[in-house]
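K.L.:
Dropping the structure in here first, questions after.
Coordinate-derived values only; no laboratory data. All values derive from a computational prediction rather than experimental measurement. Reconstructed Cβ throughout: ideal geometry from the backbone, glycine too, with neighbour counts over all protein chains shown.
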Amino acid sequence: MIQTNMNLEDKIQYSIRLIQKAEKLALQYSPDGFHLAFSGGKDSQTLHELTCMAGVKFHAEMSVTTVDPPELMKFVRRYYPQVKLNRPKINMFHLIEKKKGL
């Protein structure tokens, strides 16, 4: 049971232990361990850091939408070069054109 009055360090340690405990299950599904969906946002950054701190097997991937802000893509490439960027075969603008609008 999670205590609501935990301080930040206790929350971090609790999260790390939980991730470590879940690794056994993740490895049953894939020899790569955890598949971390990454968006570049604060929640993704936090989960990425906690997963690194836990020392578990994982890889992070980001689904590029082709309309992501350029600043976000520069940030991800600079600070998270290990994140695999999955690019679509057709960009959003061509898809809209092909489907004749939204």
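K.L.:
Looking at this model, which pairs from K21/K84; K57/K89; K21/K89 are more than 31 angstrom apart at the alpha-carbon? Intermediate results must be reported in sequence, preceding the final value.
P.N.:
Details: K21/K84 25 Å; K57/K89 29 Å; K21/K89 37 Å.
Checking Cα-Cα distances, K21/K89 exceed 31 Å.
K.L.:
Right, here's the next one. Please turn the phi angles of region 69-84 into ³J(HN,Hα) values with the Karplus equation 6.51 cos²θ - 1.76 cosθ + 1.60 (θ = phi - 60°), one per residue in order, whole Hz, x for glycine and proline.
P.N.:
Listing the rounded values in order: x, x, 4, 5, 5, 4, 4, 5, 4, 6, 9, 9, x, 7, 6, 6 Hz.
K.L.:
Quick one: which residues, 5+ away or cross-chain, put their amide H under 5 Å from the amide H of L36? H built at 1.01 Å from N.
P.N.:
Under 5 Å from the amide H of L36 lie the amide H atoms of H59, A60, E61, each far enough along the sequence or on another chain.
K.L.:
What angle, in degrees between 0 and 90 and rounded to the nearest 10, separates the Cα long axis of helix 8-29 from the longest principal axis of the Cα atoms of the chain?
P.N.:
Around 70 degrees separate the two axes.
K.L.:
Continuing with this model, one more query. Picking from L85, L47, L72, which is most flexible by a Gaussian network model of the chain using Cα springs under 10 Å?
P.N.:
L72
K.L.:
Work from the charge dipole of the chain (Cβ charges, +1 for Lys and Arg, -1 for Asp and Glu, about the Cα centre) and give the residue of S63, I96, Q13 farthest towards its positive end.
P.N.:
Toward the positive end, the furthest listed residue is I96.
K.L.:
To the nearest 20 debye, what charge dipole does the chain have about its Cα centre, counting +1 at the Cβ of each Lys and Arg and -1 at the Cβ of each Asp and Glu? Write out the running numbers ahead of the final one.
P.N.:
On the way: 15 positive and 10 negative charges, 91 e Å.
The dipole of the chain has a size of about 440 debye.
K.L.:
Output the Cα-based Rg and Dmax of the chain in Å, rounding Rg to one decimal and Dmax to a whole number.
P.N.:
Spelled out, the Cα radius of gyration and Dmax of the chain are 17.3, 53 Å.
K.L.:
Cα axis of helix 42-54 to longest principal axis of the chain: angle in degrees, 0 to 90, nearest 10?
P.N.:
Taking Cα atoms only, the helix is inclined about 40 degrees.
K.L.:
A further question follows. Apply 1/(1 + (r/R0)^6) to the Cβ-Cβ distance of D32 and E97, taking R0 = 35 Å, and write down the FRET efficiency to the nearest 0.05. List each step's numbers first, then the result.
P.N.:
Working: r = 36 Å, r/R0 = 1.04.
Efficiency at R0 = 35 Å is approximately 0.45.
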